[in-house]
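Just so you know, all these numbers are worked out from the coordinates, no wet-lab data involved. From a predicted model like this one, the values you see are computed outputs, not experimental measurements. Neighbour counts are summed over all protein chains in view; Cβ atoms, including those assigned to glycine, are modelled from backbone coordinates with ideal geometry.
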2 protein chains.
Amino acid sequence: MAHRIDVASILFAFALALLGAKVFGDLVARMGQPAVLGELLAGVVLGPSVLGLFPLSDGTFLIAEIGVVLLLFEVGLETDIEKLFRVGGSALAVATAGMVLPFAGAYLLTRGLGYEALTATYVGAALSATSIGITARVLSELKALDTREGQTVLGAAVIDDVLGLVVLSVVAGVAEKGVLSVGGALRTALFSIGFLVLAVVIGIPLGHRLVRVVGRTSVRGMLISASVAFALLVAWGAKKAESAPIVGAFAAGVALARTNRRHDIENAVGPIVDIFAPVFFVYVGAEVDVRVLNPAVAENRPALLLGLGLTMVGFLGKFLAGFCAWGNVRRSFIGAGMVPRGEVGLIFASLGLATKALPEGVFVAVLAAVFATTFVTPPLLKMLKPRTA
Amino acid sequence: MAHRIDVASILFAFALALLGAKVFGDLVARMGQPAVLGELLAGVVLGPSVLGLFPLSDGTFLIAEIGVVLLLFEVGLETDIEKLFRVGGSALAVATAGMVLPFAGAYLLTRGLGYEALTATYVGAALSATSIGITARVLSELKALDTREGQTVLGAAVIDDVLGLVVLSVVAGVAEKGVLSVGGALRTALFSIGFLVLAVVIGIPLGHRLVRVVGRTSVRGMLISASVAFALLVAWGAKKAESAPIVGAFAAGVALARTNRRHDIENAVGPIVDIFAPVFFVYVGAEVDVRVLNPAVAENRPALLLGLGLTMVGFLGKFLAGFCAWGNVRRSFIGAGMVPRGEVGLIFASLGLATKALPEGVFVAVLAAVFATTFVTPPLLKMLKPRTA
């Protein structure tokens, strides 16, 4: 068992992340804000740019990813597919507007400041995809997952994740080969949408059968093991189908939510999510480099100004998209739920930096906008929460 | 978030390990054997030497280690420290005899076959340390953790783990510097025993305080997060004090078992252990290379014969040590509980191979003996289980 990774130091980082997440989460909750904001702040403080106690290593990354996959599985378990379908058209409208508006705004702003078209394309793409993790967690804390608004945001965020991956494959294709591949984009779109539909359509009867087979055994932990294994397999399949693991885990949860053991699975998954999901939010917070955000340092200012502009464009684009929702819903709440950016935005930015499409300053500005939209969402959702929820 | 590790493929291996562990565990349980035997067999089948679906990678290793650390934490939660103290002398006698007898037997056998003294020392050391993971899991499945026999085995296995680390530091010192360092051995012994005592002595009041502080908050999952963070911190501290993380996690569990929230913590830790611990047993099984165990291949035979001899010496040494237990107990059950070897044995063997103290054939023989003792234990314990349990 001689390995390159230092397990003890990962256990230490894991423990610190949990403690920090809960201490900051409790403080923030006492101030009336969603706990996840505290978990993100814990990450900033524990992360490399402040205390340096929580490393951005392979080990912490794996724990964080397991956390977010299981979180989306849990959110799926709490989702009623019929309700989700009922808001389907509305969610599609919100998702589409929520990609087009920030993309256009960020593109025009970047071009207007004299940057190249490729640079502006990366910036636009980075600001177009909503991070479902943050929103799902806040909706869950506000007990708003089950409302019409919550379902619309969830539906739109899932569609948005799929669209984001399509845009990613297009932009990555342009960066790699220098040509825009419509075929490649269509292929990714078809694959990932097809997988999502298949996962739910096949997943529902499969989930029923799984629960029946598992009911016959006396081995400890069979139901939870089989359910989590199912979620992990669909998450892996989603990745293979050029979609994202979290989208697959969500679909697996939606499928198992139709079984009669739904609550037993939820109860068992709960503590696992309690332990692993905070590591994801701490990890996201730890990625914030506070040094480049210091306005007292003169050379940070141009990037911070661009970042401020991108934050406003990015915020308004998603927020206004919420007003494309139909029916008797609080549109501002839906818009706010679409605001946070996360992994996909960071992937775009990193890819842009690596291929030199993004100058260092623009890269920092995009990061600042991604983080600002993430940190502003929990209090905003709390403020705009509809009374019915 | 661009990382070297491929998260999707780790999720796939994780899912397969869970499914394999449960399917094989269920089959084996239907045959009246402890399910953990099935989980080990699942590892052999999924591992690199048969199907090659479960890799021995950094990612699966980390998940396995989290699993065994949380398993020992759970076992600690089920342990009554007063009962453990009542069997303390008896456990110390069993542990000491259980190190001396297999060490002497394996040393003499290896020397008798004409190998060097250093080679024989490595072989003896590799066969001297009990693997607490397997035994604890079987005791838990047999509901024998709480019996006098179970407590003696647990106590002896913990002492044994500490002694094993002392032997490891001595042997590693010899291998590195070519000299036997009595001072280094004493230092390791003092450190790791001191840490264990401190962890429990300080851990008990700390655990009470932790539960009290946590009771004041409304943040979701606070008790379980704080408890697991506590376990991970003590596990990390144990490693820093030259002991093993699993010993620290066990001590943390023992400390929290004294609090009034013991059952709430146990209930929440249960599903996490259900998901992560099987990966540990699958990992151990996956380390078995069935090719070198094939007696039809002529060149495997000398190593297999030596392995058979070492298995017998290793088995008898631990089994007879059980008869050093005091009081009205089933000594054969205690002896059987001490039989399985695991990580520490594998570390010795790998270290011996790396420093060329062990020729390839002897290395294979040691591995065969380590695995044979591991696989024979679950059915043996099941057979010898005292009626009182």
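How would you rank A:232, B:304, B:70, going from fewest to most other Cβ atoms within 10 Å of each one's own Cβ?
Going from sparsest to densest Cβ surroundings: B:304, B:70, A:232.
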For the range B:308-352, the Cα convex hull volume per residue in Å³ comes to 76 Å³
Would you kindly work out, in nm and rounded to one decimal, the distances from the label point of residue B:290 to those of the same position in each other copy, ordered shortest first, with label points 7 Å along Cα-to-Cβ?
5.5
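Across the residues of B:272-283, average count of Cβ atoms on other protein chains within 10 Å? Please report the intermediate quantities before stating the final value.
Working: counts 9, 3, 10, 13, 5, 1, 3, 0, 0, 0, 0, 1.
Shielding by partners across B:272-283 averages 4.
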Selected from A:100, A:339, A:162 as most flexible by GNM, with chain A as the system and alpha-carbon contacts under 10 Å
A:100
For every other residue with a beta carbon closer than 14 angstrom to the beta carbon of residue B:155, add +1 if it is Lys or Arg and -1 if Asp or Glu, then tell me the sum.
-4
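What ranking of B:292, B:362 emerges when the number of other C-beta atoms within 10 Å of each C-beta is taken as an exposure proxy, fewest first?
B:292, B:362
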Fully extended contour minus Cα-Cα distance, from residue B:113 to residue B:376, at 0.36 nm per residue:
92.1 nm
Surrounding charge for residue A:380, neighbours by C-beta under 13 angstrom, Lys/Arg +1, Asp/Glu -1, total +4
If labels are modelled 7 Å from Cα along the Cβ direction, residue B:100 lies from its partners in the other copies at nm distances, smallest first, of 8.4
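Using the 10 angstrom Cβ neighbour count as an exposure proxy, how do A:283, B:107 rank, fewest first?
Values: A:283 27, B:107 22.
The fewest-first ordering by Cβ neighbours comes to B:107, A:283.
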Computed ³J(HN,Hα) along the range A:369-382: with the Karplus parameters 6.51/-1.76/1.60, θ = phi - 60°, integer Hz and x for glycine or proline, the list is 5, 4, 6, 4, 5, 5, 6, 7, 5, x, x, 5, 4, 4
How far, in nm to one decimal, is residue A:208 from itself in the other copies if the label point is set 7 angstrom along Cα toward Cβ? Shortest first, please.
5.5
Ratio of alpha-carbon Rg to the 2.2 N^0.38 Å globular estimate for the protein assembly as shown, to two decimals, please.
1.01
With no solvent term and unit scatterers on the alpha-carbon positions of the range A:72-147, Debye gives log₁₀ I(q)/I(0) at q = 0.12, 0.15, 0.20, 0.24 Å⁻¹ of -0.48, -0.66, -0.89, -1.06
Kindly provide the helix-only [θ] at 222 nm of chain A, computed as the sum of -39,500 (n - 2.57) over DSSP H runs of four or more divided by all residues, to the nearest 500 deg cm²/dmol?
-25500 deg cm²/dmol
With loop defined by DSSP as not H, G, I, E or B, and exposure as at most 13 other Cβ atoms within 10 Å, which is the longest segment of chain B clear of exposed trypsin sites (Lys or Arg not before Pro)?
B:217-355
Which whole-number percentage describes the relative contact order of chain A, with Cα contacts under 8 Å and a sequence gap of 6 or more?
29 percent
Going residue by residue through the range A:271-288, the Karplus relation 6.51 cos²θ - 1.76 cosθ + 1.60 with θ = phi - 60° gives ³J(HN,Hα) values, rounded to whole Hz and with x marking Gly or Pro, of x, 5, 5, 4, 8, 9, 4, x, 5, 4, 5, 5, 4, 4, x, 5, 6, 6
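Efficiency by 1/(1 + (r/R0)^6): what FRET value for residue A:301 and residue B:216, r their Cβ-Cβ distance, R0 = 41 Å, to the nearest 0.05? List each step's numbers first, then the result.
Details: r = 43 Å, r/R0 = 1.06.
After rounding to 0.05, the efficiency reads 0.40.
Compare the peptides B:53-60, A:296-303, A:200-207 by average per-residue count of other Cβ atoms within 10 angstrom and give them in order, highest first. Walk me through the numbers on the way to the answer.
Values: B:53-60: 19.5, A:296-303: 12.2, A:200-207: 17.2.
Highest mean packing first, the order is B:53-60, A:200-207, A:296-303.
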Quick one: net charge of residue B:330's neighbours, Cβ under 10 Å, K/R +1, D/E -1?
+3
Quick one: length gained pulling residue B:328 to residue B:209 fully straight, 0.36 nm per residue minus the C-alpha distance?
39.1 nm
Binned at 20 Å from zero, the C-alpha pair distances of chain A give percents of 29, 60, 11, 0
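What is the average number of partner chain Cβ atoms found within 10 Å of a Cβ in B:123-129? Write out the running numbers ahead of the final one.
Values: counts 0, 0, 0, 0, 0, 0, 0.
Average per residue, whole number: 0.
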